[in-house]
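Asker: Got a structure here, written out as structure tokens. Questions coming.
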Amino acid sequence: MFTRSIRSVQDFLLSTYFADGLRITFGVLCPSLILAQFGMLQYGMTLSLGALCASVVDSPGPIVHRRNAMLITTGLITIISVLVGITNNNVYFIGILLIFFSFIFSMFFVYGLRAASIGTAALLIMVLSIDDVRPWNEVLIYAGLIFTGSIWYTLLSYTFYRLRPFRLIQQTLSDSIFEISAFLRAKAKFYHQNTDYDKNYAELLQLQVLVHEKQDAVRDVLFRTREIIRDSTPEGRFLLLVFVDMVDLYEQVMSTYFNYKQLHEQFDQSGILVDYESVIIRIADELEEIAFALKTGSTPSLPVSLSSDVAKLKDRIMELEKENGGPYSTLGIIALKNIEVNIENILSRIKTVNGYFNKSEKKNLSPRKIDVERFLTRQSIDPAELIENLTFGSSVFRHSIRVAIVMLIGFVASKSLAFSHSYWILLTILVISKPGFSLTKQRNYQRLIGTVVGALIGMGILMYIHDKYILFVILLVCMIGCYSFQRKNYVVSVLFMTPYILVLFDFLGMGGSSIAKERIYDTLIGSGIALIASYSLFPSWEYEKLKEGMINILKANLKYFEEVTLFYTTEMSDLTNYKVARKEVYVMTANLASLFQRMFSEPKSKQVMIKELHQFTALNHLLSSYIATLSLYNKDHSFTFSKFDELRPIVQNTIYLLTLASETLFKNKDELSNVPLVKARLNEVGQQLGEMEISQQFELIQKVTYDIYKLSEKVTFQN
């Protein structure tokens, strides 16, 4: 346990989170530190503010997107700082400007998260400049410093990237492998005696969302990096091969889904399931070793004992199979064999990936042809899309209207109060307000907890520590902690942020407990306004997206099934269509699982069809797992079916059931129909190796599809 804790700390220190924290801290702090030496701290603080705004959009991703976003942000915050600076002496005019900008920049959510962060940066400079009344000539100097600070940070970030262009990919790929390891550990829990199946499955769904997010992040950076797309460097080919193999390995992990309750009923007495759990956990450990090696540049090695443990599993199965008259059914033994074979395949792939790390072999790695455009989602900045969303049917439009109104309410409240830093109310509203109620509620609690605890810590620091050098070190640690955790854990980020702000104000001669109390009051006011508005003012509830999410996962699984079926009917030389279909299943499954999780934080009256949705997500996870198993029969074992026409009725009925389930959800029919299951007429005499497993798998897929269809009827019937 202690070793794992040490490894977790090391992993964090080598992660993108900590690297971002160091870069942002350096970029924001440097201008102030340097100019303070010449007695121009005020100018330095303005430069730092420009750098801070640029850092808001500098989230991990392709360097071209990051660079363009920072340059656009630089232009916007410069213009806004001028507009606000020359109008903020008129409270009515600035109020109108606040409403207009709050609406426009909140609409940036239409173009994705990076565009939304540009809008956030623009509103941030407006909020921080709103009370800074100064002569017009000083406004231009202020805007020039904001521009310079933002350009400074942009150049800094770009320089760091050019020094180590593959570092971000190594870190994001490492994070994705770590999540696969966590997913595998969750799978191992199903083999534990007296396990809680519902709890394990809920954890599995949550981890599935994380695996998708991490893999999508890797895909985004990897496939948009020119050096890798062109296979021009050994390091690029190495990273691409590791990612492709890890996606295939994740599919193998996904395919190991069985009736664990029946397995425990049969095999708990033998103790073999405990051995399975132990081996799977050790394989998860080896995946973590690979993830860690990517960040450290080391070479992972596979223990010889792990291969021997897997061999012992095979021996144990043979012993159980020989026990005549034992309590073990043929299907149970077959299930154990399938799991053991799958473990062997996972282990074999890990050995292959380990081989990629060999420095002498890296130079000889063969390039992998991938149609990267098929795996990327293009987000064009089309004004027509913005116009199309100017309707109350759009959740982004409702969110933008809500933000504009609550920012105005916050502005009026801040002007009505005698606080010296009342813009904190607007800042709180800005960072808390999200398109959905559940996200706003979550961010609200995180902000409150972090602010209150952080304020208490900050007051304790200022009360007992007076040495400026020690305080500066504390300021530095808090800045790094704040910026390192802002994407990983928002509570911890705010917990570091509040002492950082209090110590900073102390350096500026404005410290004291009154500042801490004011920050708590402003946060409470801003949080209350944002939360009430998200519930009562054009709210967006997760159940509104249920139908679309359910139909999308059915269509994705249908396409996945059709592509896998082609393995048994045609000679497949190009797997691109299959891999794209597989990716879509992962995306849609993660989207639906994420929606399901968010619903639980909404009011009870808005948590519709919770039981049915849980069954639906479980059945679709089972379906995609069975389809993955079917694909691996052909890809990994080279199983074929000589007379596929015998299985075609099952295939056609499965496709029909999935299509009918989608139509039932879409049309919202209120009558029930009776669609029978199809039984294939198989000639078991002279069946080739694997044909029985293939036919059983097709029947299992049809059965799960039938259950999904019947459930879709119940869902629409209840609506």
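No value in this document is a laboratory result; all are computed from the given coordinates. Remember, it's a predicted structure, so these values are computed and weren't measured experimentally. When we count neighbours, we look across all protein chains shown, and the Cβ atoms used for this are built from the backbone with ideal geometry, even at glycine.
Asker: As a check on your grasp of the helix formula, calculate [θ] at 222 nm for the chain: sum -39500 (n - 2.57) over DSSP H runs of n ≥ 4, divide by the residue count, round to the nearest 500.
Answerer: The helix contribution divided over the chain gives -25500 deg cm²/dmol.
Asker: In addition: Tally Lys/Arg at +1 and Asp/Glu at -1 over every other residue whose Cβ is under 13 Å from the Cβ of LYS189; what's the total? Don't skip to the answer; put the middle values down first.
Answerer: Numbers: positive: ARG185, LYS187, LYS199; negative: ASP196, ASP198, GLU203, GLU277.
After counting each charged neighbour, the total is -1.
Asker: If you don't mind, there's one more thing I want to ask. Which GluC sites (Glu not before Pro) in segment 552-655 sit in a loop by DSSP (not H, G, I, E or B) and have at most 15 other Cβ atoms within 10 Å of their own Cβ? Working shown, then result.
Answerer: Details: sites: GLU562, GLU563, GLU571, GLU584, GLU612, GLU646; in loops: GLU571.
Passing both the DSSP loop test and the Cβ count: GLU571.
Asker: Applying the Karplus parametrisation 6.51 cos²θ - 1.76 cosθ + 1.60 with θ = phi - 60° to the phi angles of segment 158-173, what ³J(HN,Hα) value in whole Hz is obtained for each residue in order, glycine and proline being reported as x?
Answerer: Running phi through 6.51 cos²θ - 1.76 cosθ + 1.60 with θ = phi - 60° gives 5, 5, 4, 5, 5, 5, 9, x, 9, 4, 4, 5, 4, 5, 5, 5 Hz.
Asker: For a quick protection proxy, order the peptides 156-164, 61-69, 441-449 by their average other-Cβ count within 10 Å, most packed first.
Answerer: Packing proxy ranking, top to bottom: 441-449, 61-69, 156-164.
Asker: Grab the beta carbon distance between ASP285 and LEU140, set R0 = 60 Å, and tell me the FRET efficiency rounded to 0.05.
Answerer: My answer for the efficiency is 0.50.
Asker: Which ³J(HN,Hα) values, rounded to whole Hz and listed in residue order, are derived for segment 237-254 from phi using the Karplus coefficients 6.51, -1.76 and 1.60 in 6.51 cos²θ - 1.76 cosθ + 1.60 with θ = phi - 60°, glycine and proline given as x?
Answerer: Using θ = phi - 60°, the values come out as 5, 4, 5, 5, 5, 4, 5, 4, 5, 6, 5, 5, 5, 4, 4, 5, 5, 4 Hz.
Asker: Which whole number in µm²/s is D for segment 542-718 by Stokes-Einstein, with the Kirkwood Rh taken over Cα pairs at 10 °C and 1.306 mPa s? Working shown, then result.
Answerer: Details: Rh = 17.1 Å.
Translational D for this selection: 93 µm²/s.
Asker: I would also like to ask the following. I'd like the distance between the alpha-carbon centres of segment 573-633 and segment 43-82, rounded to an integer number of Å.
Answerer: Taking the Cα centre of each part, segment 573-633 and segment 43-82 sit 37 Å apart.
Asker: Which loop GluC sites (Glu not before Pro) in segment 254-327, with loop taken from DSSP, have no more than 14 other Cβ atoms within 10 angstrom of their Cβ?
Answerer: Hits after loop and neighbour filter: GLU323.
Asker: How much net charge surrounds ASP309 when only the other residues with a Cβ under 14 Å from the Cβ of ASP309 are counted, with Lys and Arg +1 and Asp and Glu -1?
Answerer: It works out to a net charge of -3.
Asker: Could you work out how far apart the two model spin labels at ARG67 and LYS679 are, taking each label as a point 7 Å from the Cα in the direction of the beta carbon, and quote it in nm?
Answerer: A separation of 6.6 nm, rounded to one decimal place.
Asker: Hey, with R₀ at 56 Å, roughly what FRET efficiency would GLU321 and LEU163 work out to, going by the Cβ-Cβ distance, to 0.05? Mind dumping the intermediate values first?
Answerer: On the way: r = 58 Å, r/R0 = 1.04.
According to the calculation, E is roughly 0.45.
Asker: Continuing with this model, one more query. How would you order 89-97, 52-60 from highest to lowest mean count of nearby Cβ atoms within 10 Å?
Answerer: 52-60, 89-97
Asker: If you stretched the chain out fully between ILE610 and LYS337, how much longer would it get, using 0.36 nm times the residue separation minus the C-alpha to C-alpha distance?
Answerer: 94.7 nm
Asker: Here is a further query. Here are some pairs, LYS547/LYS710; LYS261/LYS337; LYS547/LYS667; LYS199/LYS261; LYS488/LYS545; LYS583/LYS710; which of them have Cα atoms lying more than 21 Å apart in this structure?
Answerer: Checking Cα-Cα distances, LYS488/LYS545; LYS583/LYS710 exceed 21 Å.
Asker: In sequence order, what are the phi-derived ³J(HN,Hα) couplings for segment 55-72 according to the Karplus relation 6.51 cos²θ - 1.76 cosθ + 1.60 with θ = phi - 60°, rounded to whole Hz, with x for glycine and proline?
Answerer: Listing the rounded values in order: 5, 4, 9, 8, 8, x, x, x, 4, 5, 5, 5, 4, 4, 5, 5, 5, 4 Hz.
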